[in-house]
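The values are calculated or read from the model by the stated rules, or taken from the named source; none is laboratory data. Because the structure is a prediction, the values reported are computed rather than measured. Note: accessible area is taken over every heavy atom of the protein model, side chains too, but ligands, DNA and RNA are not part of it. Shrake-Rupley method; radii C 1.70, N 1.55, O 1.52, S 1.80 Å.
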Amino acid sequence: AVVSTQSTGIKQTNLRGDMSCFPPAFESTTEDFNELAKAINNLIRYKLPNTSRESRKLLVQDINRRLDAAQCILNDMDGKVDRAAVSLRPKMSYRLRECQAELAELKISFVAEEDSYKCGMNSSGTIPDDKRRQVLLNQGAVERSRAALTRTEQIAVETETLGNEITGELGNQREKITRTRDLLEQTDSTLEKSRRTLLNMGRRAITNKIALVVIIVLELRRGGDR
């Protein structure tokens, strides 16, 4: 007999939201993950608990292969995020984290179902008390892990939001510094022009004084000659 866990209520990430802002390749990969995750979830929640002992081993292997394939899709999505335009990365990263959280929940539920099955039943078809306690402990661990995943995702979103705000503020400060530098360069240029103008005016003033002295001397000589 097979011991089935309670419905885990695995959240199906809303991956078919507004995808228009994503590149077509990323959108297609996300939809592939969505379909595969839905199939895995159905196998774990509905088929695996009701599978005979003879067929269970093959089904477990199939689920493991599908989980590996889902991880490969996430790795591909991660690469697409790294190559995406800077303006698209925040939303793509958030969508990738949603998929990663969903896959983590699927893995947790799979492990919980396997643990429950391995606890086994006695010959009367009932679960021994110690096994029942073990099942409950496993289910509690699943719930705690799910809550931890949710908190981690929230922290990641908050961290990314803060990072974007800091990046925007640094960009504004850089623009201000650039404008200030340009203004200083313009001021330096204006001061240099003013300095050259004052030097030229000083030279002209000296030249005019010398010319005036020469004229006065010449006039004095002419007056003496008379």
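Between TYR46 and ALA69, residue separation times 0.36 nm minus the direct Cα-Cα distance comes to 6.2 nm. Computed over protein heavy atoms with a 1.4 Å probe, the carbon and sulfur contribution to the accessible area of region 146-211 reaches 60%. Here region 70-123 has an Rg and Dmax of 17.1, 62 Å, counting Cα atoms alone.
Taking all protein chains together and a 1.4 Å probe, the residues SER116, SER189, SER87, SER93 rank SER87, SER189, SER93, SER116 from largest to smallest accessible area. Per-residue SASA remark: MET201, around 110 Å² accessible (1.4 Å probe; ligands, DNA and RNA not included). Figure note: VAL213, VAL60 ranked by solvent-accessible area, largest first, 1.4 Å probe, ligands and nucleic acids not counted: VAL213, VAL60. Protein heavy-atom surface of region 57-109, 1.4 angstrom probe: 53% of the accessible area is carbon and sulfur, with nucleic acids and ligands not counted. When CYS99, CYS72 are compared by accessible area at a 1.4 angstrom probe, the order from most to least is CYS72, CYS99.
Here's how it looks for ALA84: its modeled amide H is under 5 Å from none belonging to a residue 5 or more places away or on a different chain. Residue-wise HN-Hα couplings along region 69-74, as the Karplus relation 6.51 cos²θ - 1.76 cosθ + 1.60 with θ = phi - 60° gives them from phi, are 5, 4, 5, 4, 5, 5 Hz; Gly and Pro carry x.
Cα centroids of region 31-91 and region 174-206: 66 Å apart. Rolled with a 1.4 Å probe across the full set of protein chains, the surface gives LEU212 an accessible area near 100 Å².
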